[in-house]
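Just so it is clear, none of the values below were taken in a lab; they were calculated from the coordinates. Everything numeric in this text was worked out from a predicted model, so none of it was measured. A quick note on method: Cβ atoms are made from the backbone with ideal geometry, for glycine too, and the neighbour counts reach across all protein chains shown.
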Amino acid sequence: MPNSGEIKPHEQDAAGSIHQATDHAILDAARYIAAGHLVAFPTETVYGLGADASNSMAVAQIFDAKERPRFNPLIVHVANLSAARRYGEFSPSAIELANAFWPGPLTLVVHRRAGSTDEPAVCDLASAGLPTLAIRVPAHPVAQALLRSSGRPLAAPSANRSGHVSATLARHVADDLANRVAMILDGGATLHGIESTILDVTGHQARLLRPGAISRDQLEHIVKQPIEMSNGVSTERPSAPGQLQSHYAPRALLRLNATTCAPDEALLAFGMILPPTSGPVFNLSPSGDVIEAAARLFAALRQLDDTGVASIAVMTIPMHGLGEAINDRLRRAAAPRR
Ligand code: TXA
Ligand code: MG
């Protein structure tokens with residue numbers, strides 16, 4: 001822990017959590033990140049609520065702090081294109097775009113790179129279980145310094161509570177999230193004040209998923225073809241998540257709110273008291289902690305699905321805190337398939 005092992009981040013008061021982004025403060029922030037805590041930091045667009053993207057418990061805390069009722073995939077921030085290429089597959093045109101606009105307010109949605117490198121992968125929760133990853137290289141010197149001193153990819157949504165407007169000043173972050181972050185790095189007012197442009201470059205043609213600080217004209221100038229605004233309702237591959245009923249379902253059928261488990265079923269458990277079972281079991285949180293359950297949800301679904309069972313019995317997950325987002329995802333996974 002920075003300076004004092006005694007101080008727990010959430011015990012600080014609102015004003016106390018804002019720190020001028022000096023070299024010293026950035027080092028402290030990097031240590032908080034490494035220890036799995038949340039740090040808010042300025043980017044050239046808006047302030048981000050950052051956590052180590054390879055640490056699913058830390059990423060779960062982002063969702064908990066934002067009080068989002070569902071798991072939206074997050075943008076992963078890295079220091080440069082070569083760091084980005086450790087986590088995503090970059091086509092030649094994606095590389096061209098990155099070279100043109102990075103560092104800067106462009107987010108590229110690319111296919112996740114299959115685990116190959118020696119470093120920890122970006123956790124499934126960061127991209128809400130999607131096979132794609134939204135990546136960007138921020139230009140803000142404080143964001144860059146934090147990325148370099150932490151040496152981690154940083155998952156960071158805008159640092160506001162869900163439904164509120166994005167924060168363009170450290171004070172805005174404190175108003176929304178003061179007691180939820182270890183530290184807020186103050187880098188003054190953000191330059192653009194609107195979020196990054198999000199471009200999906202996983203297909204043949206780049207598709208605009210969110211207009212932002214880089215204009216469509218600027219993008220078209222580089223890709224040399226018209227860029228379609230995504231209508232978001234792709235039937236094949238939902239890029240704006242949550243739009244398909246059975247988005248990202250495992251192969252096995254899910255049986256929700258199960259109180260029993262058949263011999264040929266797997267059990268997705270929660271808590272201390274489990275029904276008798278003879279098949280594979282994954283307990284999301286023996287202690288009944290919804291943050292831990294969220295951190296383990298996607299790994300659990302994948303692992304149980306990989307056992308080849310036809311059905312997964314899912315115990316009831318309480319609705320408090322991240323329970324709402326977990327239940328939202330489970331309901332989608334259990335929805336009728338096409
Ligand atoms: O300027 C920004 O982009 C700021 C700063 C902090 O970098 N971040 C930001 O994050 O606006 P957030 O979480 O508020 O918005 C991220 C958007 C969401 O709408 C999400 O659905 C989309 O990115 N997104 C993330 N991963 C995606 C993916 N794999 N495919 C499609 N959309 C994705
Ligand atoms: Mg946002």
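Near the amide H of Gly88, within less than 5 Å, lie the amide hydrogens of Arg113, all on another chain or at least 5 residues away, with H placed in the peptide plane. Once a ≥ b ≥ c are taken as the square roots of the eigenvalues of the Cα gyration tensor of the chain, is the result rounded (a/c under 1.5), prolate (a/b larger than b/c) or oblate (a/b not larger than b/c)? Oblate, because a/c is 1.5 or more while a/b does not exceed b/c. Using a Gaussian network model of the chain in which every pair of alpha carbons under 10 angstrom is joined by a spring, one finds that among Ile227, Ile317, Ile326 the greatest mean-square fluctuation is at Ile227.
Where does each of Glu89, Glu265 land when they are ranked from fewest to most other beta-carbon atoms within 10 angstrom? Mind dumping the intermediate values first?
Numbers: Glu89 15, Glu265 23.
Ordered by Cβ neighbours within 10 Å, fewest first: Glu89, Glu265.
Residue exposure proxy: Leu130, Leu191, Leu284, ordered by other Cβ atoms within 10 angstrom of their Cβ from fewest to most, comes out as Leu191, Leu130, Leu284. For Leu284, the shell of other residues with beta-carbons less than 11 Å away shows a net charge of -1, using +1 for Lys and Arg and -1 for Asp and Glu. For the options Pro131, Pro275, Pro318, a Gaussian network treatment of the chain with springs between C-alpha atoms closer than 10 Å singles out Pro275 as fluctuating the most.
Short-range pairs are left out: with C-alpha atoms under 8 Å and at least six residues apart, the relative contact order of the chain is 21 percent.
What the pair-distance distribution of the range 245-338 shows, using all Cα-Cα distances binned every 10 Å from zero, is 18, 55, 25, 1 percent.
Charged neighbours of Arg161, selected by a Cβ distance under 14 Å, balance to -1 (K, R count +1; D, E count -1).
PRE reach from Ile95 (point 7 Å along Cα→Cβ): which of the range 130-145 fall under 15 Å by backbone N? Inside the label zone: nothing.
Rank these for me by crowding, Ile62, Ile135, going from fewest to most other beta carbons within 10 Å. Don't skip to the answer; put the middle values down first.
On the way: Ile62 25, Ile135 29.
Listing Ile62, Ile135 from fewest to most nearby Cβ atoms yields Ile62, Ile135.
Near Val281, the amide H atoms lying under 5 Å from its own belong to Leu267; only residues 5 or more places off or on other chains count, and H is placed 1.01 Å from N.
Relative contact order of the range 159-236: 19 percent, from C-alpha pairs under 8 Å at least 6 residues apart in sequence.
Applied to the range 124-130, the Karplus parametrisation 6.51 cos²θ - 1.76 cosθ + 1.60 on θ = phi - 60° returns per-residue 3J(HN,Hα) values of 4, 4, 4, 9, 6, x, 6 Hz, with x for Gly and Pro.
Counting only alpha carbon atoms, the long axis of helix 92-101 and the longest principal axis of the chain meet at about 50°.
How high is the relative contact order of the range 31-100, in percent, with contacts defined as C-alpha pairs under 8 Å that are six or more residues apart? Walk me through the numbers on the way to the answer.
Working: 45 pairs, mean separation 12.6, N = 70.
So the answer I get is 18 percent.
The DSSP beta bridges internal to the chain are antiparallel in roughly 45% of cases. What the phi angles of the range 31-36 give under the Karplus curve with 6.51, -1.76 and 1.60, with θ = phi - 60°, is a coupling list of 5, 4, 4, 4, 8, x Hz, glycine and proline written as x. Taken along its principal axes, the alpha carbon cloud of the range 33-161 reaches lengths of 38, 30, 26 Å, longest axis first.
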